[in-house]
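For reference, the structure is listed below as structure tokens.
The values are calculated or read from the model by the stated rules, or taken from the named source; none is laboratory data. This structure is a prediction, so every number in the text was calculated from the model and none was measured. We place every Cβ from the backbone using ideal geometry, glycine too, and count neighbours over all the protein chains shown.
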Amino acid sequence: MIEFTMPSLGADMEEGTFVEWHVKPGDTVARGDVVCVVETQKGAVDVEIWEAGTVVELVAQPGQKIPVGGVMAYLSAPGEKVQAPPVGVHVREESGGREPAPRPPSDAGASAVAISAGAAQRTTRARVSPAARKRASELSVDLAGLTGTGPQGAVTLADVENATARQASRAPEKKASSADAMRAAIAAAMAKSKREIPHYYLGAEIRVDRAMEWLTKRNEPRPVTERVLFAALQLKAVAAALCESPRLNGHFVDGTFRPSGAIHLGVAISMRGGGLVAPAIHDTGTLPLDDLMRHLRDLVQRARQGQLRSSELTDATITVTSLGDLGVSTVYGVIYPPQVALVGFGRPLERPWVEDGRVVVARTIQATLSADHRVTDGMTGAGFLAALDRQFQEPESLA
Amino acid sequence: MTDTVRMTYREALRQGLLAALRRDPTVFLMGEDVGRYGGTYAVSKGFLEEFGEDRIRDAPLSESGFVGAGIGAALNGLKPVVEVMTVNFSLLALDQIVNNAATLRHMSGGQINVPVVIRMTTGGGRQLAAQHSHSLEGWYAHVPGLRIVAPATHADAYGMILAALDDPDPVIIFEHAMLLNVEGELAAEPGPVDLDRAAVRRGGSHATVVTYGGSVPKALEAAGELAKEGIEAEVVDLRSLRPLDDATVMASVRKTHRVVIVDEGWKSGSLSAEIMARIVEQAFFDLDAPMIRVCSEEVPVPYARHLEEAALPQVADVVAAVRQVVA
């Protein structure tokens, strides 16, 4: 039996609110299929499944809050004989075998430690009276946020109706609350970053005349919709430069750096309602420039519509942030954990530039690297920025 | 407002039977000690003098015999009222009731019916020990072909016998022994009652207490105490144990969302279990708390007073249960 669990869609994510299923029991799913939607602090996310199989039982219900790792569905592997999944208690599997049903905490004994260790990964169905469940559904009240006052701590009809009254009384603020949630998520991730990651910062002014001219010429004969933005070229350049600095590409997890074979660039996208997300463009390094542009356009659009996929939120191996459009000349970025580096781009500027003893007008950008000193030193960072510079001087190789 | 007369439940039963005997010459009463002795519970006192031996018939100590005779008389066009001393003794007549009275309309394809009325006392509380104190009406309520009623008020004590005699099929009336001496008001000219519907005896919005028979006054007393705490319990008197009036019960559950069932029978395989099951089937999404049953302890009803009191549902138990469901 395959357990499909709540994915971690960010370093700070502890739980997600289940929104809806795209599959039903009996459906066959393939690796990469979007099977459900989960609401996170960063908005609704289409969650993909990474194992092929047949859906046996859907455990998660709309409105339910499920901790990261909590079971949302059971699937049978291809060829597997279907057994009835356990009822009531959803246990995250540690190893091959399913754990026995949890004993009450009062059942002290030699196994007490093991039990309490496992308890954090267990969730039981919330105690909600049938009437409260029905009313909450009618009123679209999120049961997970309610504190029960009924028998054995159950959420009762009155709890739901009181919650509705409270929500109604502060209805004008409701819109702000999802922005607040995103703010809280960013705060948690960035605080963790600044608390745990010893950042070092390097900057380089890079000439982009040739690259921009090349791009302009390349775009000229094309319809507007097929033109490639400089932002895409920047991403391509970063990906190409990273090939020479693999220690900037990966995740720092459990005290060790885990390099990533593939390069999935996270692209910082500011949201119209405030806040930002940094979803990944998968395999940025191997995508031809035109495909990369299409992916970028699609990603920005979906990010703003709240239709990102779970893998896009979790897979980024390094983040690129460009604030040039807003007139910023230099970005000093904060690394998004568990990544270990962030590349920032400022606005292309025309600058006096000394070339062969003469002052010329040059177009440059400020490229910066924020990197995790636990993983790399300035030498690695310097090597990366030098490689990045070279990419912009040979734009043809980026096509 | 119509005039009322104050009397005991026993007297209301007697007045109902008197009215039945007077309005229809085919009605007759049969049972142990109903004639010369005036009835074990004095319900038929003076009847022998008014109606004579043909219509007030003392029967030998043979429940199977005289209940069977009653069924035979009903088959042949008379309207017998058979009195069985207690539900415990009625087990001797179970074969007649379940295999004959309940089945003959169905087995004859509707050609014959059995308009017999069987009255019996039920329940404990009088220190009569385990062979005279049980509440087995739930067993009878299990059987299709029977209609089972439990008068809890004076109006029902008076009226149900008349309604039962109007019914073409066998009706069993369970009279709780502890109600006999309860005084209450009966209309000077009581109107007819039905045998189909449950009745809300006290309105309330916080919890529903579903009960019947001898437990109704206990539930009402509990509701009175709870009202002092601001808890408004609605008391539903089932009246008919078969068929059950689901609509009235569910309407109350949909209003209060919390349920206590009080039944002097035991819990296991009981009427209280049936009511719970129906509420879950029909009103699951209206429940706001687990239902609670207040029933007799699962022991033969003890003789010793303190043990008997402990074994049977008491007012304090109902109060505690309601407090728990509204907690």
**Request:** Would you be able to say whether some residue in the stretch A:139-149 is away from chain B (no Cβ under 14 Å), assigned to a helix (DSSP H, G or I), under 19 Å from A:Thr17 (Cβ atoms) and at pLDDT below 80?
**Result:** yes
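Just checking, how many residues over the stretch A:64-81 are assigned to a loop (DSSP other than H, G, I, E, B), in contact (Cβ under 8 Å) with a residue 40 or more places away in the chain and surrounded by fewer than 20 Cβ atoms within 10 Å (Cβ to Cβ)?
Just the residues of the stretch A:64-81 that are assigned to a loop (DSSP other than H, G, I, E, B), to begin with: A:64, A:68-70, A:77-81.
Filter once more, so that each one left must be in contact (Cβ under 8 Å) with a residue 40 or more places away in the chain: A:64, A:68-70, A:77, A:80.
Then drop every residue that is not surrounded by fewer than 20 Cβ atoms within 10 Å (Cβ to Cβ), which leaves A:68-69, A:77, A:80.
Residues in the stretch A:64-81 being assigned to a loop (DSSP other than H, G, I, E, B), in contact (Cβ under 8 Å) with a residue 40 or more places away in the chain and surrounded by fewer than 20 Cβ atoms within 10 Å (Cβ to Cβ): 4 in total.
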**Asked** If we scan the stretch A:375-383, do we find a residue that is of a type outside the set (Phe, Trp, Tyr), surrounded by 13 or more Cβ atoms within 10 Å (Cβ to Cβ) and under 24 Å from the mean Cα position of the chain (by Cα)?
**Response** yes
**Asked** Can you find even one residue in the stretch B:103-111 that is surrounded by 18 or more Cβ atoms within 10 Å (Cβ to Cβ), touching a helix residue (DSSP H, G or I) at 6+ places or on another chain (Cβ under 9 Å) and not aliphatic (A, V, I, L, M)?
**Response** no
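Are there any strands (runs of 3 or more DSSP E) wholly within the stretch A:174-271 with 2 or more residues that are at pLDDT below 95 and of a type in the set (Ser, Thr, Tyr), and if so which? Quick ask: steps written out before the conclusion?
On the way: elements: A:199-207, A:250-253, A:256-259, A:265-267.
No strands (runs of 3 or more DSSP E) qualify here.
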**Message:** Residues to consider are B:Arg305, B:Arg242; find the one that is within 30 Å of B:Gly145 (Cα to Cα) and of a type in the set (Lys, Arg).
**Reply:** B:Arg242
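Residue-wise test of (1) in contact (Cβ under 8 Å) with a residue 12 or more places away in the chain; (2) surrounded by 13 or more Cβ atoms within 10 Å (Cβ to Cβ).
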{"residue": "A:Asn219", "(1), (2)": "no, yes"}
{"residue": "A:Val224", "(1), (2)": "no, no"}
{"residue": "A:Leu229", "(1), (2)": "yes, yes"}
{"residue": "A:Leu235", "(1), (2)": "yes, yes"}
{"residue": "A:Val238", "(1), (2)": "yes, yes"}
{"residue": "A:Ala241", "(1), (2)": "yes, yes"}
{"residue": "A:Asp254", "(1), (2)": "no, no"}
{"residue": "A:Ser260", "(1), (2)": "yes, yes"}
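Can you tell me which residue within the stretch B:287-301, out of those that are more than 14 Å from chain A (Cβ to nearest Cβ) and acidic (Asp, Glu), is farthest from B:Ala233 (Cα to Cα)? Reasoning before the result, please.
Going residue by residue through the stretch B:287-301, those that are more than 14 Å from chain A (Cβ to nearest Cβ) are B:293-301.
Next, only the ones that are acidic (Asp, Glu) stay: B:297-298.
Numbers: B:Glu297: 24, B:Glu298: 26 Å.
Looking at the filtered set, the residue picked out is B:Glu298.
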**Message:** List pairs: first residue in the stretch B:270-286 and within 14 Å of chain A (Cβ to nearest Cβ), second residue of a type in the set (Asp, Glu) and surrounded by fewer than 18 Cβ atoms within 10 Å (Cβ to Cβ) anywhere in the structure, Cβ distance under 7 angstrom, at least six positions apart or on different chains.
**Reply:** B:Gln282/B:Asp246
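Please verify whether A:Arg363 is of a type in the set (D, E, K, R) and either surrounded by fewer than 17 Cβ atoms within 10 Å (Cβ to Cβ) or modelled with pLDDT of 95 or more (or both), treating the condition exactly as stated.
Values: of a type in the set (D, E, K, R): yes; either surrounded by fewer than 17 Cβ atoms within 10 Å (Cβ to Cβ) or modelled with pLDDT of 95 or more (or both): no.
Taking the combined requirement at face value, the residue does not satisfy it.
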**Item:** One residue from B:Val149, B:Val117, B:Val98 being surrounded by fewer than 19 Cβ atoms within 10 Å (Cβ to Cβ), in the same structural domain as B:Leu179 (by TED's automatic domain parsing), under 24 Å from B:Leu238 (Cα atoms) and of a type in the set (A, V, I, L, M)
**Value:** B:Val98
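Here are B:Ala310, B:Ala304, B:Ala316: which of them is more than 20 Å from the chain's Cα centre (by Cα), more than 11 Å from chain A (Cβ to nearest Cβ) and under 15 Å from B:Val262 (Cβ atoms)?
Values: B:Ala310 fails: under 15 Å from B:Val262 (Cβ atoms); B:Ala304 fails: under 15 Å from B:Val262 (Cβ atoms).
Result: B:Ala316 is the single residue among B:Ala310, B:Ala304, B:Ala316 that is more than 20 Å from the chain's Cα centre (by Cα), more than 11 Å from chain A (Cβ to nearest Cβ) and under 15 Å from B:Val262 (Cβ atoms).
Applying the selection to the stretch B:303-322, what residues are part of a helix (DSSP H, G or I) and crowded, with 17+ Cβ neighbours inside 10 Å? Before the answer, list the steps.
Just the residues of the stretch B:303-322 that are part of a helix (DSSP H, G or I), to begin with: B:305-311, B:315-322.
Within the stretch B:303-322, B:Glu308, B:Ala311, B:Val315, B:Asp317, B:Val318, B:Val319, B:Ala321, B:Val322 qualify.
Give A:Gly118, A:Gly153 a once-over and let me know the one that is modelled with pLDDT under 85 and either over 32 Å from the mean Cα position of the chain (by Cα) or at the interface with chain B (Cβ under 10 Å from one of its Cβ atoms) (or both). Let's see the steps before the verdict.
On the way: A:Gly118 fails: either over 32 Å from the mean Cα position of the chain (by Cα) or at the interface with chain B (Cβ under 10 Å from one of its Cβ atoms) (or both).
Sole residue among the options that is modelled with pLDDT under 85 and either over 32 Å from the mean Cα position of the chain (by Cα) or at the interface with chain B (Cβ under 10 Å from one of its Cβ atoms) (or both): A:Gly153.
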**Complete:** Sole miss for B:Arg23 among (1) under 19 Å from the mean Cα position of the chain (by Cα); (2) under 20 Å from B:Ala155 (Cα atoms) is condition (1)
**Prompt:** Does A:Gly275 satisfy being buried (at least 19 other Cβ atoms within 10 Å of the Cβ), out of contact with any strand residue (DSSP E or B) (no Cβ under 8 Å at 6 or more places or on another chain) and not aromatic (Phe, Trp, Tyr)?
**Reply:** yes
**Prompt:** Can you spot a residue in the stretch B:57-78 that is farther than 30 Å from B:Ser108 by Cα, among the charged types (D, E, K, R), in a loop (DSSP other than H, G, I, E, B) and touching a residue at least 12 places away in the same chain (Cβ under 8 Å)?
**Reply:** no
**Request:** Would you check which residues across the stretch B:233-249 are within 19 Å of B:Ala223 (Cα to Cα) and of a type outside the set (Gly, Ala, Ser) and list them?
**Result:** B:Glu234, B:Val235, B:Val236, B:Asp237, B:Leu238, B:Arg239, B:Thr248, B:Val249
